[in-house]
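Engineer: Below is one structure. I have some questions about it.
The values are calculated or read from the model by the stated rules, or taken from the named source; none is laboratory data. Please read all numbers here as calculations on a predicted model, not as lab measurements. We place every Cβ from the backbone using ideal geometry, glycine too, and count neighbours over all the protein chains shown.
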Amino acid sequence: MPVALITGGQGSLALSLAAELKTQGYDVHAPGRLELDVTDAAMVKSYIHSLQRLDLLICNAAVIKDQPALKMDAESFNAVLGVNLKGCWNAAQAALKLMSRQRSGHIIFISSFAALSGTAGQCNYAASKAAIHGLSCSIAKEYGSRNIRCNTILPGFMETRMTAHLTEEQRQAFLQSHALGRFNEAASVAKFIAFLDQQMPHTSGQSFNLDSRIHRWA
């Protein structure tokens, strides 16, 4: 039975991921922040190394602390990077040691469309998510010879607890940026991730945008 670990395990996407992976036969660990604080490297290392094996790590833990750039303080900037970027690094580094012994494994980082387009009022969030892409590519190159894959998922805008604070005007503005005129759903993202892990064993170092927003390269 493959073993999966989902960080930020109490979030809306994490709950859908856990449910889908369980139906696919995975042994799923989905700790919340109290069980696994990804900013605590020692806690992360202890938790992951307590597992007998780890086949799939999904780095899903994330926070937002939105402010215009001139009003954003260092604490808010560092807190977001601490969870969204350093948290991914802490989990990936601990997982790589275990996966290297297994000579197999798959790490998936949950990113955001903000990494490609930037978002007003979210310079800390956009920066943290953009950095994940470089991290993923480097890990894919370094550990491909050990049969370890690393990919990045941009789930798209979803109506979850993280987006619940948005006004209806903001929600409609996001909706208009989607070519299909609809948002993605957590259940669909979960199915794609399960498919990527199970049915695409030759894919690594890639990023997948899962909604219908179209990034225009400069």
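Conditions tested, residue by residue: (1) in contact with a Ser or Thr (Cβ under 9 Å, 6 or more places away or on another chain); (2) buried (at least 19 other Cβ atoms within 10 Å of the Cβ).
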{"residue": "46", "(1), (2)": "no, no"}
{"residue": "65", "(1), (2)": "yes, no"}
{"residue": "80", "(1), (2)": "yes, yes"}
{"residue": "86", "(1), (2)": "yes, no"}
{"residue": "99", "(1), (2)": "no, yes"}
{"residue": "103", "(1), (2)": "no, no"}
{"residue": "107", "(1), (2)": "yes, yes"}
{"residue": "121", "(1), (2)": "no, no"}
{"residue": "126", "(1), (2)": "yes, yes"}
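Engineer: Residue 36 is checked against (1) in a helix (DSSP H, G or I); (2) more than 13 Å from residue 62 (Cβ to Cβ); (3) not aromatic (Phe, Trp, Tyr) and fails just one. What number does that condition carry?
Structural biologist: Failing condition for residue 36: (1).
Engineer: Oh, and also: Starting from region 1-14, take each residue that is more than 20 Å from residue 44 (Cα to Cα) and list its partners that are of a type in the set (S, T, N, Q) and modelled with pLDDT of 95 or more, counting only C-beta distances under 8 angstrom and pairs at least six apart or across chains.
Structural biologist: From region 1-14, the pairs are 13/60.
Engineer: How about region 172-218: which of its residues are in contact (Cβ under 8 Å) with a residue 40 or more places away in the chain, hydroxyl-bearing (Ser, Thr, Tyr) and closer than 16 Å to residue 60 by Cα?
Structural biologist: Within region 172-218, 207 is the sole residue that qualifies.
Engineer: Quickly run through region 60-104 and pick out the residues that are of a type in the set (A, V, I, L, M) and without any contact (Cβ under 8 Å) to a residue 12 or more places away in the chain. First the steps, then the outcome.
Structural biologist: First, pick out the residues of region 60-104 that are of a type in the set (A, V, I, L, M): 61-64, 69-70, 72, 74, 79-81, 83, 85, 91-92, 94-96, 98-99.
Scanning region 60-104 gives 70, 74.
Engineer: Still on this structure, I have one more. With respect to residue 125, determine if the residue is of a type outside the set (Val, Ile, Thr), modelled with pLDDT under 95 and farther than 13 Å from residue 55 by Cα.
Structural biologist: Working: of a type outside the set (Val, Ile, Thr): yes; modelled with pLDDT under 95: yes; farther than 13 Å from residue 55 by Cα: yes.
Spelling it out, residue 125 is indeed of a type outside the set (Val, Ile, Thr), modelled with pLDDT under 95 and farther than 13 Å from residue 55 by Cα.
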